[in-house]
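Here the structure is laid out as structure tokens; the discussion comes afterwards.
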Amino acid sequence: MNSGPLTKTSQTSNRLRYKLATELVFIGNSDGIKDPYASASVPIYQSATFKQSSATQMGEYDYSRSGNPTRSHLENHIAKIMSANRAFVVTSGMSALDVVARLVKSGEEIIAGNDLYGGTNRLLAFLNKSCDIKIHHIDTTSVDTLMQYLHPTKTRLILLESPTNPLFKISDIPTIAAVVHERCPNALVVVDNTMMSPYLQRTLEFGADIEIHSGTKYLSGHHDLMAGVIGVKDEVVAEKIYFTINATGSGLPPFDSWLLLRGIKTLGVRMEKQQANAMQIAEFLEYHGFKVMYPGLKSHPQYELHFTMSCGPGAVLSFVTGDVEISERVVESTKIWAISVSFGCVNSLISMPCRMSHASIPAAIRQERGFPEDLIRLCVGIEDANDLIEDLYSALVLANAIDVDQQNENA
Ligand SMILES: *Cc1c(COP(=O)(O)O)cnc(C)c1O
């Protein structure tokens, strides 16, 4: 399906010397902290303070809110794999979005997608209400629509997700970035790239100014920590972001930094396996006549656009059954697939976004945005693909989503 992750990178970036799968586990001497014992795993500097050599001379670190060696090591590693000039890690994906949103002053405007993560919608609604920041929720799949909302001085952020979750709408990030930078020199293009991870898509390489991740998802991979990541291109913007993190105290603690660094090492193998499983499941569902939303399928209306930016479709997909009750029964009938929000974990999850992750969006708005109430979302893990398919098939039959007699007649 693709020429393997990161052939593209080695041509466009001078930071990555090897393919990303290699860089993920390769922690060089120069980007690390100086450890006196040459430890193979970066130590956890579980210390709030660091001693000074005199009253006036400060060392590299003094207080962990401002900086911690374990966190710095992780940030350097992440900057490399995101092709960022600087990267920051904070206590959750929402904290990353909050820190970036603080670049916007009252009276300025944000243009955001209309199929964003529910928590992002809630944060934007809060900014609108209490900080006099205007938010335009628009269909960012159309560059023409987006252009109508650009204001030469007021527009400060363009906030994108591509693909969106769970409808898998794709936005043309390079074209949007070019148009925005030409018309609004003050505006920053921000991509929440959580769905793809830096393994499949690195948006700073093709025009984004800031890339955000919920490290809670693929980067950590095991649903055992919460973290947020911010990758930045411009040094002035990076300094503002560092200021906010230090001023508000949202930097990731040392133990969580260590866990996230450990998770990132296996991102490549996890994503390859999860994505291969997801592709098989998408084909299985499509074969049985379901309408499937997944950028790995040729039936996806923006299949080609997606692959101009990414080297894989990821491991989340959704489908509809035509009936809300049937969908509920499917979700409740699986055994391996756990009913849970979130994604990016090594084990497989099933959910009904309208009842779960996206329930905070009012039903009327969901309808307006073409959000099917019977939508089932699958977040595919690393289990055996046949086990996953058999479990799903049993649930679909039990819920009458697949008519077995009909299928036997056709056979
Ligand atoms: C989960 C998620 C977030 C929020 O991240 P947390 O770590 O849960 O705070 C933001 N954006 C997207 C796309 C997400 O999937």
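The values are calculated or read from the model by the stated rules, or taken from the named source; none is laboratory data. From a predicted model like this one, the values you see are computed outputs, not experimental measurements. Quick reminder, even Gly has a Cβ in these numbers, built from the backbone with ideal geometry, and neighbours come from all protein chains shown. Just so you know, the surface numbers come from the protein's heavy atoms only, side chains and all, with ligands and any DNA or RNA stripped out. Shrake-Rupley method; radii C 1.70, N 1.55, O 1.52, S 1.80 Å.
Taking the conditions exactly as written (in a loop (DSSP other than H, G, I, E, B) and exposed (fewer than 14 other Cβ atoms within 10 Å of the Cβ)), does Lys105 satisfy them or not? Explain how you work it out, then say what you get.
Values: in a loop (DSSP other than H, G, I, E, B): yes; exposed (fewer than 14 other Cβ atoms within 10 Å of the Cβ): yes.
In short, yes.
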Would you check which residues across segment 291-319 are in contact with an Asp or Glu (Cβ under 7 Å, 6 or more places away or on another chain) and within 12 Å of Ser351 (Cα to Cα) and list them? none
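If I go through segment 131-142 residue by residue, how many of them are more than 22 Å from the chain's Cα centre (by Cα) and either within 16 Å of the ligand (Cβ to nearest atom) or open to solvent by 30 Å² or more (accessible area, probe 1.4 Å) (or both)?
Pass one, segment 131-142, residues more than 22 Å from the chain's Cα centre (by Cα): 131-134.
Checking the rest, the ones that are also either within 16 Å of the ligand (Cβ to nearest atom) or open to solvent by 30 Å² or more (accessible area, probe 1.4 Å) (or both) come to 131-132, 134.
Residues in segment 131-142 being more than 22 Å from the chain's Cα centre (by Cα) and either within 16 Å of the ligand (Cβ to nearest atom) or open to solvent by 30 Å² or more (accessible area, probe 1.4 Å) (or both): 3 in total.
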Considering Val397, Val380, which residue is at pLDDT 90 or above, within 16 Å of the ligand (Cβ to nearest atom) and outside the structural domain of Leu116 (by TED's automatic domain parsing)? Val380
Leading residue by the ranking (surrounded by the fewest Cβ atoms within 10 Å (Cβ to Cβ)) among those in segment 82-98 that are within 12 Å of the ligand (Cβ to nearest atom) and of a type in the set (A, V, I, L, M, F, W, C): Met94
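Thr22: of a type in the set (Ser, Thr, Tyr), open to solvent by less than 20 Å² (accessible area, probe 1.4 Å) and assigned to a helix (DSSP H, G or I), yes or no? Outline the logic, then answer.
Working: of a type in the set (Ser, Thr, Tyr): yes; open to solvent by less than 20 Å² (accessible area, probe 1.4 Å): no; assigned to a helix (DSSP H, G or I): yes.
Spelling it out, it is not the case that Thr22 is of a type in the set (Ser, Thr, Tyr), open to solvent by less than 20 Å² (accessible area, probe 1.4 Å) and assigned to a helix (DSSP H, G or I).
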Residues of segment 348-374 being free of Cβ contacts under 8 Å to residues at least 40 places away in the same chain and among the polar types (S, T, N, Q), which ones? Ser351, Gln367
Go through (1) more than 14 Å from the ligand (Cβ to nearest atom); (2) in contact with a Gly (Cβ under 6 Å, 6 or more places away or on another chain) and name the single condition Glu211 misses. (1)
Where in segment 230-294 are the helices (runs of 4 or more DSSP H), entirely inside, with at least 3 residues that are closer than 25 Å to Val189 by Cα and open to solvent by 50 Å² or more (accessible area, probe 1.4 Å)? 235-248
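What helices (runs of 4 or more DSSP H), lying completely within segment 301-370, carry at least 1 residues that are modelled with pLDDT of 95 or more and in contact with a strand residue (DSSP E or B) (Cβ under 6 Å, 6 or more places away or on another chain)? Spell out the reasoning first.
Numbers: elements: 303-309, 324-333, 363-368.
Hits in segment 301-370: 324-333.
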Anything in segment 375-390 that is free of Cβ contacts under 8 Å to residues at least 60 places away in the same chain and open to solvent by 20 Å² or more (accessible area, probe 1.4 Å)? List them, or say none. Asp384, Asn386, Asp387, Glu390
Consider segment 184-194. How many of its residues are touching a Ser or Thr at 6+ places or on another chain (Cβ under 8 Å) and within 13 Å of the ligand (Cβ to nearest atom)? 4
Scanning for something surrounded by 15 or more Cβ atoms within 10 Å (Cβ to Cβ), more than 15 Å from Ala178 (Cα to Cα), touching a residue at least 40 places away in the same chain (Cβ under 8 Å) and away from the ligand (no atom under 16 Å from the Cβ), does segment 109-130 turn up at least one residue? yes
Quick check on segment 186-202. Is at least one of its residues of a type in the set (Phe, Trp, Tyr) and open to solvent by 20 Å² or more (accessible area, probe 1.4 Å)? no
